[in-house]
1. Of the residues that make up the range 248-267, is at least one crowded, with 16+ Cβ neighbours inside 10 Å, on the phi < 0 side of the Ramachandran plot and at pLDDT below 80?
2. Check Val354, Val343 and return the single one that is more than 26 Å from Glu244 (Cβ to Cβ), open to solvent by 10 Å² or more (accessible area, probe 1.4 Å) and among the β-branched types (Val, Ile, Thr).
3. Looking only at the range 14-27, which residues are out of contact with any His (no Cβ under 8 Å at 6 or more places or on another chain) and either surrounded by 15 or more Cβ atoms within 10 Å (Cβ to Cβ) or part of a loop (DSSP other than H, G, I, E, B) (or both)?
4. Can you find, within the range 277-308, the residue that is modelled with the lowest pLDDT among those that are part of a loop (DSSP other than H, G, I, E, B) and under 23 Å from the mean Cα position of the chain (by Cα)?
5. Are any of the residues in the range 312-327 part of a loop (DSSP other than H, G, I, E, B), surrounded by fewer than 24 Cβ atoms within 10 Å (Cβ to Cβ), at pLDDT 85 or above and in contact with a Gly (Cβ under 8 Å, 6 or more places away or on another chain)?
6. What's the total number of residues in the range 18-76 that are among the polar types (S, T, N, Q) and in contact with a Pro (Cβ under 7 Å, 6 or more places away or on another chain)?
7. Out of the residues in the range 105-120 that are farther than 18 Å from Leu12 by Cα and in contact with a Pro (Cβ under 8 Å, 6 or more places away or on another chain), state the one that is most open to solvent (accessible area, probe 1.4 Å).
8. Working carefully through the options Lys358, Lys342, find the one that is assigned to a helix (DSSP H, G or I) and either closer than 18 Å to Gly290 by Cβ or out of contact with any Phe, Trp or Tyr (no Cβ under 9 Å at 6 or more places or on another chain) (or both).
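The values are calculated or read from the model by the stated rules, or taken from the named source; none is laboratory data. A quick note: this is a predicted structure, and the numbers were derived from the prediction, not measured. Here the Cβ positions follow ideal geometry from the backbone for every residue, glycine too, while neighbour counts run over all protein chains shown. These area figures cover heavy atoms from the full protein model, side chains too; ligands, DNA and RNA do not enter into them. Shrake-Rupley method; radii C 1.70, N 1.55, O 1.52, S 1.80 Å.
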Amino acid sequence: MNIHEYQAKGILREFGVPVPDGHVCYNGASAREWAKRLGDGPWVVKAQIHAGGRGKGGGVKIATSPEEVRTTSRDMLGMTLRTHQTGPDGKVVTRVLVEKGCKIARELYVSLLVDRTTSRVTVIASTEGGMDIEEVAAASPGKIFREAVDPLVGLTAFQCRKLAFSLGLTGKLTGKAVSLFQGLYTTFIACDCSLLEINPLVVTTESELLALDAKFGFDDNAVFRHPMIADLRDYDEEDPNEVEASQHDLSYISLSGNIGCLVNGAGLAMATMDIIKHYGGDPANFLDVGGGATIERVTEAFKIILSDRNVKGILVNIFGGIMKCDVIANGVIEAARQVSLKVPLVVRLEGTNVEKGKQLLADSGLNIVAADGMADAAQKIVRAVAAC
């Protein structure tokens with residue numbers, strides 16, 4: 001789950017992390033009045049969408065008067081903002097963040113995430129703020145600094161000072177950096193985050209540290225513990241199919257291909273997409289129905305796959321362990337009948353009750369192509385889609 005920048009800064013503010021004063025606005029007149037309340041300019045008007053690279057796409061602009069804040073906000077609201085993270089369709093801007101500007105002396109980078117190699121929360125910092133961290137890692141890996149946190153001890157002042165010195169912070173800024181880093185760690189743990197990124201973290205000409213931009217990612221499995229954070233979810237920023245899938249406990253991610261995939265198990269789903277690509281096809285989605293899927297859930301999964309107009313064929317790949325093949329077969333048959341399936345359907349079943357499942361498919365009277373093994377299934381669906 002992701003949230004908007006203004007929501008992220010609201011959370012940081014609650015945990016004592018310094019952020020610029022600002023307010024979210026939904027029209028130009030409101031933006032102008034809030035600019036006046038924030039004090040003397042300049043002000044920054046920032047489009048609020050769930051994507052990075054907003055500045056390059058025209059979604060971050062400086063205004064020097066309240067009237068300019070109004071006109072800038074008015075022009076930004078309703079625009080379709082396209083960045084490297086939105087894709088070619090872009091996202092419509094429905095709200096803007098109006099912030100008090102600051103005088104920037106330096107831009108830094110800091111983030112917290114779970115490092116799977118150490119199984120610990122790790123703080124990553126760099127002197128190259130304002131840039132994509134992937135570019136920095138590729139071009140200048142020596143400019144990235146890491147501190148793994150012992151979960152029993154927490155982020156220590158020593159580790160914070162070490163990071164501060166690595167970033168070239170001295171004097172009073174060192175103490176401010178310790179406080180900020182520890183505030184970020186407290187926020188990360190308290191909110192069950194999967195990612196907390198500040199880019200840039202700026203040093204102002206008045207020797208203050210400010211989180212100028214903030215990005216949160218939350219562990220979806222822990223959101224139930226944070227109803228106030230769950231309320232921040234903006235469904236308009238998410239793929240409608242992914243939202244619908246989440247209502248049925250399905251793990252679904254839209255892709256750009258034309259072969260729909262229905263699989264049980266995340267690893268098998270990834271392997272299925274790989275083998276489709278290997279044989280010249282292009283998967284339209286990642287969809288894991290889980291180990292305990294019901295006939296109803298499988299039916300909903302089919303409906304979600306077919307709601308994508310790009311889908312020209314479907315591959316069902318099931319390894320029955322906890323999930324029994326006959327349950328999947330019944331789900332496939334029911335779904336095919338409900339949605340009046342008109343695209344090629346290839347089904348590969350293996351595991352518990354496999355013979356019963358195959359018999360159900362054969363007796364259904366539906367145009368279902370059976371496959372033996374993943375390679376056979378992938379080749380059959382790729383050929384069938386190519387022939388459409």
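1. yes
2. Val354
3. Correct list: Phe15, Gly16, Val17, Pro18, Val19, Pro20, Asp21, Gly22, His23, Cys25, Tyr26, Asn27.
4. So the residue we want is Gly290.
5. No, every residue in the range 312-327 fails to be part of a loop (DSSP other than H, G, I, E, B), surrounded by fewer than 24 Cβ atoms within 10 Å (Cβ to Cβ), at pLDDT 85 or above and in contact with a Gly (Cβ under 8 Å, 6 or more places away or on another chain).
6. 1
7. Only one residue fits best here, namely Arg120.
8. Lys358
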